[in-house]
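Just so you know, all these numbers are worked out from the coordinates, no wet-lab data involved. Predicted model only: the values in this text are computed from it and were never measured.
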Amino acid sequence: MNLTLLYRGTLSSCNYDCPYCPFAKHWESPAELKSDRAGLDRFVEWVADRTDDELSLLFTPWGEALVRKWYRDAVVTLSNLPHVRRVAVQTNLSVNPTWLAAADPATAALWCTYHPGQTERDSFLKRLAVLDRLGVRYSVGVVGRREHLPEIEALRADLRPGVYLWVNAEKDEPGHDAAELVEALTRIDPQFPTNLTDHPSRGRACRTGSEVFTVDASGDVRRCHFVDRIIGNLHDGTFPAARSAAPCPNAVCGCHIGYVHLEHLQLNALYGDGLLERIPQRRPASRS
Ligand code: SF4
Ligand code: SF4
């Protein structure tokens with residue numbers, strides 16, 4: 001069976017201090033970190049045991065996971081399992097990725113978000129160069145804040161042409177959908193209008209629930225991060241028996257890691273093998 005699992009443990013902390021983020025410079029207690037690590041260890045054990053399945057994994061932490069050794073170790077371990085097709089992580093790339101030398105570069109991948117004001121562009125580019133040397137796949141992304149536009153454009157100019165730079169809409173920022181800003185950001189990322197949209201999704205077919213699931217630290221499984229109903233648990237044997245192809249129950253889906261699985265958007269055709277790490281198979285067509 002082919003399964004895609006998005007893992008989000010109890011970790012909710014970050015070493016960066018982005019002014020728009022609730023996880024900025026928040027740290028857990030040692031007991032909370034221990035609990036997060038225990039949940040991750042159980043998840044890795046479950047994956048290691050599922051040798052009859054082909055598994056694709058994406059870590060979507062609240063905050064930054066790769067500052068924690070146990071997440072780096074998990075990525076290395078999982079990438080070297082023959083039945084794991086992909087293990088990808090959302091990261092601010094603050095940790096030098098030399099640790100990925102121990103991972104299988106055909107399986108490990110990063111989606112790296114650049115946060116102007118939290119790190120220098122040159123430092124970020126140097127860490128990307130490490131990924132290039134290691135042969136590890138990655139996408140690069142930014143939050144489309146108006147005041148960061150010059151820095152976003154400079155990053156685009158500095159990146160190799162073949163590296164996809166995605167832009168997430170800052171939907172809480174007043175004026176985030178102003179025409180000239182949307183135009184500028186769409187020049188950077190032709191998929192930006194797709195991200196800007198809250199896609200009507202109630203009753204629409206979505207691969208979550210049948211092929212794609214989210215898992216938390218206790219092993220509870222939900223169809224996605226945006227529908228709270230628990231449909232089974234990894235560790236008590238109730239998953240994956242409870243798989244269902246039911247349509248989306250929510251009015252809209254506005255987050256990339258959700259709407260990318262809406263069937264009518266056909267984004268799996270665009271991203272193909274790079275779906276989890278957000279790397280299109282071909283450069284998205286420009287709309288501007
Ligand atoms: S890097 Fe990401 S998680 Fe960390 S403070 Fe910034 S937005 Fe939040
Ligand atoms: S469309 Fe979005 S909210 Fe609805 S089930 Fe799919 S991922 Fe979840």
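The stretch 150-171 and the stretch 221-270 have their alpha-carbon centroids 29 Å apart. The relative contact order of the stretch 2-274 comes to 16 percent, based on Cα pairs under 8 Å that sit 6 or more residues apart.
When you work out D = kT/(6 pi eta Rh) for the stretch 82-183 at 20 °C and 1.002 mPa s, using the Kirkwood radius from C-alpha pairs as Rh and the Stokes-Einstein form, the result is 146 µm²/s. Evaluated at q = 0.12, 0.16, 0.18 Å⁻¹, a Debye calculation over the C-alpha positions of the stretch 57-120 (equal weights, vacuum) places log10 I(q)/I(0) at -0.28, -0.48, -0.61. Relative intensity of the stretch 193-265 on a log10 scale, I(q)/I(0) at q = 0.15, 0.27 Å⁻¹, equals -0.47, -1.21, per a Debye sum over C-alpha point scatterers of equal strength in the absence of solvent. Identify all lysines with a Cα-Cα distance to Lys34 below 29 Å; exclude those on the same chain that are fewer than 8 residues away in sequence. List returned: Lys25, Lys69. Per the Debye formula with a single identical scatterer at each Cα and no solvent contribution, what log10 I(q)/I(0) holds for the stretch 134-288 at q = 0.11, 0.13, 0.21 Å⁻¹? Debye output, listed in q order: -0.51, -0.69, -1.30.
The 3J(HN,Hα) values that the Karplus relation (6.51, -1.76, 1.60; θ = phi - 60°) gives for the stretch 212-222 are, in residue order, 10, 9, 10, 10, 10, 5, 8, x, 5, 10, 10 Hz. Gly and Pro appear as x.
Can you give the percent of C-alpha pairs in the stretch 1-113 whose distance is more than 21 Å? Result: 34 percent of Cα pairs exceed 21 Å.
Within the chain, the whole DSSP H helices whose Cα atoms reach 18 Å or more along their own axis and whose mean Kyte-Doolittle score is at least -1.0 are 30-49, 121-134.
Just to check, using Stokes-Einstein with a Kirkwood Rh over alpha carbon pairs, what's the diffusion coefficient of the stretch 2-274 at 20 °C and 1.002 mPa s in µm²/s? Working shown, then result.
Working: Rh = 19.5 Å.
The calculation lands on 110 µm²/s.
For Lys126, the aspartates and glutamates whose Cα comes closer than 14 Å to its Cα, not counting residues fewer than 8 places off in the same chain, are Asp158. In the chain, the DSSP beta bridges split such that about 20 percent are antiparallel, to the nearest 5.
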